[in-house]
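Following: one structure in structure tokens, then a few remarks.
Rule-based calculations on the coordinates, nothing more; no lab input. As the structure is a computational prediction, the values presented were derived from the model and not from experiment. Cβ placement follows ideal geometry from the backbone for every residue including glycine, while neighbour counts extend to all protein chains displayed.
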Amino acid sequence: MVSAQELESGEPLPRPELRRDHRAAVLTITKAIAAQRQLETAISLWFNSGDPVSIHTLAVAALDCLHAIGTQQGNPSAVATWIDAQPRSKKERIKKAQNFFKHGFRDVDKQINYDPTHGETLLSDAAVTYGLIFGRCSPLMNAFQIRFAVSNSRDFLQIFSDNGIDQSEVESLANLTRLEFLEKMLPRLT
């Protein structure tokens, strides 16, 4: 787990230093740090219109770690809890993309249709779960949550008011590209 000192320090996450033999040093990574890195990397890819398959795969990995940590603390992922409660056939349909992306030797000659909003929903739930576990989200996670809410404005009116965004600003924010949105909102969230 991330200690209070790690969360409060604002220090960058550990990065491997190259040794003289050009190999990276060994890092000690907790599940919480792994989840934070996966989640923030997925969000960064998303804001930069990166690969939806990579975004989905990172979001699933982060959410899995956060769900495990949150379950121990009484703050499990709402989406993962809902998925776990579904009948087996429905659960398999919901997890079809993640299993297709992750298991190389399964369905080698097949293809699937993938809707990137599936990954965005997982990213959103991972950010919410992160906030419930650690008491706050990073500015990048908050920026994603607001953009996700703007893109789905009818469902997220409370998030706008909680972050000082009035309804008239929602439409102008919705018309920005993801990167323009990040550049405008991130300074407000730090």
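Assorted remarks:
- Taking 0.36 nm per residue of separation and subtracting the current Cα-Cα distance, fully stretching the chain between residue 188 and residue 112 would add 23.4 nm.
- Estimated distance in nm for a label pair at residue 92 and residue 171, the labels positioned 7 Å out from Cα along Cα-to-Cβ: 4.8 nm
- Reachable lysines, given that their alpha-carbon falls under 18 Å from the alpha-carbon of residue 96 and they are not under 8 places away in the same chain: 110
- Nitroxide proxy distance, nm - points 7 Å out along Cα→Cβ at residue 82 and residue 49: 2.9 nm
- Remark: the Cα gyration tensor places segment 55-147 in the prolate category, a/c being 1.5 or greater and a/b exceeding b/c.
- Least to most buried among 183, 171, 120 (fewest other Cβ within 10 Å first): 171, 183, 120
- With neighbour counts taken as other beta-carbon atoms within 10 Å, the residues 108, 150, 170 rank, fewest first, as 108, 170, 150.
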